[in-house]
1. A:Thr135: touching a residue at least 24 places away in the same chain (Cβ under 8 Å) and either more than 12 Å from chain B (Cβ to nearest Cβ) or surrounded by fewer than 22 Cβ atoms within 10 Å (Cβ to Cβ) (or both), yes or no?
2. Give just the number: which of (1) away from every other protein chain (no Cβ under 13 Å); (2) surrounded by 23 or more Cβ atoms within 10 Å (Cβ to Cβ); (3) in contact with a Phe, Trp or Tyr (Cβ under 8 Å, 6 or more places away or on another chain) does A:Val67 not satisfy?
3. Does A:Arg184 satisfy being of a type outside the set (A, V, I, L, M, F, W, C) and touching a Pro at 6+ places or on another chain (Cβ under 9 Å)?
4. Taking the conditions exactly as written (away from every other protein chain (no Cβ under 13 Å), surrounded by fewer than 21 Cβ atoms within 10 Å (Cβ to Cβ) and not in a strand (DSSP E or B)), does A:Arg152 satisfy them or not?
5. Taking segment A:267-290 as the region of interest, how many residues are modelled with pLDDT of 90 or more, small (Gly, Ala, Ser) and over 13 Å from A:Glu256 (Cα atoms)?
6. Quick one: which residue in A:Val232, A:Val280 is in contact (Cβ under 8 Å) with a residue 12 or more places away in the chain, within 14 Å of A:Arg361 (Cα to Cα) and within 24 Å of the chain's Cα centre (by Cα)?
7. Could you pull out the residue among A:Leu175, A:Leu159 that is away from chain B (no Cβ under 14 Å) and of a type outside the set (D, E, K, R)?
8. Would you say A:Ile187 is touching a helix residue (DSSP H, G or I) at 6+ places or on another chain (Cβ under 7 Å), modelled with pLDDT of 90 or more and within 30 Å of A:Glu114 (Cα to Cα)?
Amino acid sequence: MRVVLEHLTKRFPNRNRKIKTEVVAVSDFNFEIPDGKLIGLLGPSGCGKSTALNLICGLETPTEGKVIFGDEDVTGLPPDKRGVGMVFQNYALYPHLTARQNIIFPLTNLKGAEKLTREEMNARAEKVAALVQITELLERKPGEMSGGQQQRVAIARALVKTPRVLLLDEPLSNLDARLRLQTREEIRKIQRETKVTTIFVTHDQEEAMSISDLIIVMKKGVVQQFGAPQEVYDDPANLFVAQFLGTPAINTFDAEVKDGRLYIGGAAVLDVPGARDGKVYAAVRPEGFIPDPDGPFESALERIEIMGRDTTVISSHPDCANVTVRSIVSSENRIDTASPSVRFRLKPFKVFLYDRDTEERIRFGTGD
Amino acid sequence: MKKNSFKAWLYLLPAILFLGIFMVYPLVDVLIYSLEEGYNSASQTSTGVGLYNFSYVLRDPFFLQALKNTFLLVIITVPLSTVLSLLIAYGLSSIKKLRELFQTVYFLPYVTNTLAVGLVFMILFKKTPYSDGMVNALIHLFGGEGVDFITGPYWAKMFVLCFYTIWVVMPFKILILTSALASVNPNYQKAARVDGASGTKIFFKITLPMISPTLFYLIITGFIGAFKAYSDSVALFGTNLNAAGMNTIVGYVYDMLYGEGGGYPSFASAAALILFLIIFTITCVNLIIRRKKVVF
């Protein structure tokens, strides 16, 4: 099911009653989520991701704007009439009910023509339990299950009514690192099999990038960028998106453009034809550095971390906003650790320039 | 290890001494008194050992009246006060405006002296040469026949006693239930809403089971408290409860010891032990049900 948000806005009154201004949790969301895709809604804590999800779910009513599923305007409908399934951050499995009873619970609320018999309910529950591979856990209570198992039950409960849209709120945050990797593959697989449009919220960019078809990056209630993960990574629209995506984080420098060249710490490091003169932020992806004894960019070498396949060179530069400059180079490059400094060339398409005031992208030609 | 255990006993000693002197010794003493037949407190002699005291108490019409009163009180007030408290607590946790004000108002009876509350009930219900009480005034207003609630028919007196008891025990229950309801993670209710459950279904199928441990705690302590009722009756009907026909088991025990027809520690002890057995049985039944019904 296609999900369209039109000027979706949610404002809350300030918690501190003395402050009359309202808090804008979600500000003017406008985008269309194509049918059958897995969407990652990404942003730092408190940026309004969960509120956005609740608006789509129907747990919150928007201050302005519309939520449209397919061609149907569902803005005024309660959650159960929208045909959504939701997995909560702490799973919210009813602790006094077994996994089977938990999964059946949404079915027991069906009324009229949709009403199911006990057998039909059980059949539906078993089918969905098989999909998330918890068939042997059906008679257990949530307290007798691990975090990962509870989450599968929660997903099964969300899927049992065959929702038009599946919503997951921080689905992996309560799992340990190993389980997180495994579960995210699992979510991807289940989504592929059911082909249900899925939106999940996360603050972990790696999680969002790895399994999403499309990601939406949010900051303080405002959508910063919307696109395929690789597109957004390769072409971040503003400094926030550039800094938020990628591990290790992008290296940000105070820099200056003069006569079509980029200067970092007085050295002309890159030709940036078409960029206007003035002070800028230059953001360089860690993989944008090529070790070169004659390279224009020089920084003080601190240490190197060998990862096997590649090597992280950690150096420092006075104009770098990060604590250290991290560059990832192929391990075929032998870095002289005894040397006090290290020199690089920069890959033009891994360097992004941003305005000092607006932090918006300054585009330049790459020369080819 | 040995040394540690010595120290542990040393630390426990004050508590053990106090409990021994003020709890265990009197309990044993009560048991002994209850079995001594024809005990004379002046000469401290008895004529023999047996179960006569129990059979006397169980045939005493005053005791049977007290037993009936106590049971009625328990059966009426415990369910009613618990359900009412649950409704009020649920209401309190559902509203946002004036919530603190209402919480305070509902808690006020808890910090009010029992006898002061008794006075208020006198004004409400008691007939005096000057007035018939506020409730009767209301009944008259709607054209009804006035009832003497304090010295009148049994059902009227029982009604006042139950009313009073419910009113006195509710604040504590509301307080406990409000905090229990507040501790239920709102995500459960949200999840149930997404699952399409109605408000009533969410309350009965999700919220209520989640607060069931607290509910059972209140029911058990409610039973025990109601079985031990005495001061409420005194506050309403004065000290001569047997004459008023509104005595309770604890009241009977007290009367047997110090009342006008008192001075019979043996009968008092036997009655106290019967009360103990009743409470013990009911609590055991409660706990068995609890084990079956409360799941976490």
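The values are calculated or read from the model by the stated rules, or taken from the named source; none is laboratory data. Predicted, not measured: the structure shown is a model, and the values here were computed from it. Ideal geometry is used to build each Cβ from the backbone, glycine not excepted, and the neighbour counts take in all protein chains shown.
1. no
2. Result: A:Val67 passes all but (3).
3. yes
4. So A:Arg152 fails the test.
5. Going through segment A:267-290 one residue at a time, the tally reaches 1.
6. A:Val232
7. Details: A:Leu159 fails: away from chain B (no Cβ under 14 Å).
Of the residues listed, the single one that is away from chain B (no Cβ under 14 Å) and of a type outside the set (D, E, K, R) is A:Leu175.
8. No; evaluated as a whole, the condition is false for this residue.
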